[in-house]
Structure formats: structure tokens, C-alpha cells
Amino acid sequence: MELKRLNIGNLIPGMQNIDIVGNVLRMSKKEFKKDDNQGIMCSILLGDDTGTIRLVLWNNEVDRVEGLKQGDFIRVTGFVKQGPFGSEIRVGRFGKLEKYGQGTRRRVSINEMTEEGAYEIRAALLQIFETSPFYEICPKCGFSLKENESGYVCKTHGSIEPQYAMRVTGIIDDGTGNIRCVMFKETAEKIVGVTTNQAKDIVLREGVSGLFSRARYGEYIFSGKLKKNTYFDRMEFVINSVDEVDVKNEIFLLANSGSG
């Protein structure tokens, strides 16, 4: 998929695979309820030297802006659509959102990740564990479901017929060390290269090994959080963004931070 780095002033509805860097001018979050659906929406006004545009995030997408504040620069990839107040950027299934530039991201080596927190690393995906990747989620809010004697239950929507999402675990290595990683939903789909529905069909025909033989191994920029898995008593890197290595951005980071 070829991304097109553009200025905000050049964005028009219908554009796909856009790639922009903008300054957060204003942001707000609000809960919504419409018919049988409810959740949270985040609206962010982005600007550069050429104009402004609204970035709209829904439900689980809102987690991506945790810690974001007015004045930060972010890089967004996704598509442009016509919204009720003009053009809007949406990240969609395979888009991304990340802080951009010096001082906004903690780019580290794996051997430097000693405490829980948010990090970005450049590493290679070396291995994926061949365990069943599917788990149940609520079709209305996207959160994991619990199972009881009568079926599946969402803490917000009660008893409900589940949908499925993917969870992929593996090992990443950057030469200084390696760590177990976990990827969920769209991030897992991006690494495997198929949607969850397509993955279920593949597993039925070819088994789990047939699915993971399609995985896109190699070097990426991984962003996420280092957390303690209390059940297994080990540290894991929970990845929320997987990006191709952007040579121009790597040069930017080197020039501004003096480190790789």
C-alpha cells in the first residue's frame, strides 16, 4: 500500500492512504448514544501551514490518543471522507496515529525497556506462536466478553451474540535483546495480512499453521506499552501500532535526537 505524504490544505474527501503530519490545535471527547449503539468519540482539530482538518476517532480508536495534548505534533495515516462539518480524516482498519518529532516518543532499544510504560522500538518480528488467535468481543463496543453458563456477557451491553477479533503473540528482536509481544485486532490483522473473517476461513481449511505461514515477518517500527503479565510473571510488549520503517522519519529522529 503506497502512502502519500500530503499537506492538510491538499486533502479532499475520497482520498485514500494519505499520510500527514499536523499540530493538535484543539481536541475533545464525548460519549454518544444512538439507537442501540453507544460509545465514545474524539474530535481533534489538526493544522499545518496550509490549513486545518478534523480527525475523528471512535470507541477503541480513542485509546490511541492517550496522553496527547494541545500543541503536540502527530502523524496520521488513513483516508478522507465528507463529514457533517467538512472534510474529516479517519484512520480506519489499517491507519495509524502517533506522536511525531523530538521529545514526543520514547524510541529505545529492547534492552532499555526495564520499566512499565509507553515505548517505540525498531525491531524485527522473528516468530509467531501458533496458538488459536481468535477471541470474543462485543459487536457494539468492541470490548472483550466474558462467558458464563448462559452465554457471553458484555459489561456494558449485557448478554450478547459475540463477534471475533484476533490476538497474535510472538517474539521481536532488535539486536540488543528480544521480548515477547502481543498484538490485537487491526494490528494483528496487519501482521497476518488478512481480516479476522478471512483468517477464520483459512484456519478452517489449513489450520493455524496455514494462517501464520502468511505472516509478514521482518523489521518494523513497533509502538506500545511494556506491561507485567501477572499470570505468567513476565514482561510483555503490548503493541498498538505497527509501521513500516520510514527512512525519512528515521533521518529526522537521528538529526534531532542524536541517537538511533
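What follows is calculated from the coordinates using simple rules that are stated; it is not laboratory data. Bear in mind the structure is a predicted one, so any value in this text is a computation, not a measurement. Glycine gets a Cβ as well: all are built from the backbone with ideal geometry, and neighbour counts include every protein chain shown.
Summing +1 for each Lys or Arg and -1 for each Asp or Glu among the other residues whose beta-carbon sits under 12 angstrom from that of residue 151 gives -3. Using θ = phi - 60° in the Karplus curve 6.51 cos²θ - 1.76 cosθ + 1.60, the 3J(HN,Hα) couplings for the stretch 205-218 round to 7, 10, x, 4, 5, x, 5, 6, 5, 8, 4, 9, 6, x Hz; x is entered for Gly and Pro.
Using equal-weight Cα scatterers in the Debye expression, the normalised intensity of the stretch 52-177 in log10 at q = 0.13, 0.17, 0.20 Å⁻¹ is -0.83, -1.17, -1.23.
Under 5 Å between amide hydrogens, built in the peptide plane, is the criterion, and for residue 241 it picks out 223 among residues at least 5 positions away or on other chains.
Taking amide H as placed 1.01 Å from N in the peptide plane, residue 107 has its amide H under 5 Å from the amide H of 120, each at least 5 places away in sequence or on another chain. Mind grabbing the base-10 log of I(q)/I(0) for the stretch 4-99 at q = 0.19 Å⁻¹? Debye formula, identical points on the C-alpha positions, no solvent, two decimal places. After summing over all Cα pairs, the log10 values are -0.87. Our compactness index for the stretch 127-213, the C-alpha radius of gyration over the empirical 2.2 N^0.38 Å, is 1.23. 3J(HN,Hα) along the stretch 116-127, derived from phi through the Karplus expression 6.51 cos²θ - 1.76 cosθ + 1.60 where θ = phi - 60°, amounts to 4, x, 8, 9, 10, 9, 9, 8, 9, 7, 9, 8 Hz, with x in place of Gly and Pro. Each of 144, 241, 150 has some number of other Cβ atoms within 10 Å of its Cβ, and from fewest to most they run 150, 144, 241.
The value of relative contact order for the chain, using C-alpha pairs under 8 Å at least six residues apart, is 15 percent.
Under 13 Å from the Cβ of residue 39, count the other residues' Cβ atoms, weight Lys and Arg +1, Asp and Glu -1, and hand me the total. Summing Lys/Arg as +1 and Asp/Glu as -1 gives 0. Amide H to amide H, with H built 1.01 Å from N, residue 235 comes under 5 Å of 229, counting only residues 5 or more places away or on other chains.
Derived scalar couplings between HN and Hα for the stretch 47-61 equal x, 9, 5, 10, x, 10, 7, 9, 9, 10, 10, 10, 6, 4, 4 Hz in order, rounded to whole Hz, by the Karplus curve 6.51 cos²θ - 1.76 cosθ + 1.60 (θ = phi - 60°), x for Gly and Pro. Over all Cα atoms in the stretch 110-257, the spread is summed up by Rg and Dmax: 17.1, 58 Å.
Secondary structure note: in the stretch 110-257, about 95% of the DSSP beta bridges are antiparallel. Full extension of the chain between residue 167 and residue 58 yields a length gain of 37.2 nm, computed as 0.36 nm times the residue separation minus the alpha carbon distance.
The calculated P(r) of the chain, using every Cα pair and 5 Å bins from 0, goes 1, 5, 11, 15, 17, 18, 15, 10, 5, 2, 0, 0 in percent. Springs between Cα atoms under 10 Å define the GNM used for the chain, and in it the highest mean-square fluctuation of 77, 195, 187 occurs at 195. Between their Cα atoms, which of 34/99; 33/227; 34/155; 30/228; 185/227; 33/225 are more than 23 Å away from each other? Exceeds cut-off: 34/99; 33/227; 30/228; 33/225.
Loop sites by DSSP among the trypsin sites (Lys or Arg not before Pro) of the chain, restricted to those with at most 13 other Cβ atoms within 10 angstrom, leave 1-68 as the longest stretch without any of them.
Applying the criteria of a DSSP loop state and at most 14 other Cβ atoms within 10 Å to the chymotrypsin sites (Phe, Trp or Tyr not before Pro) of the stretch 20-114 yields 85.
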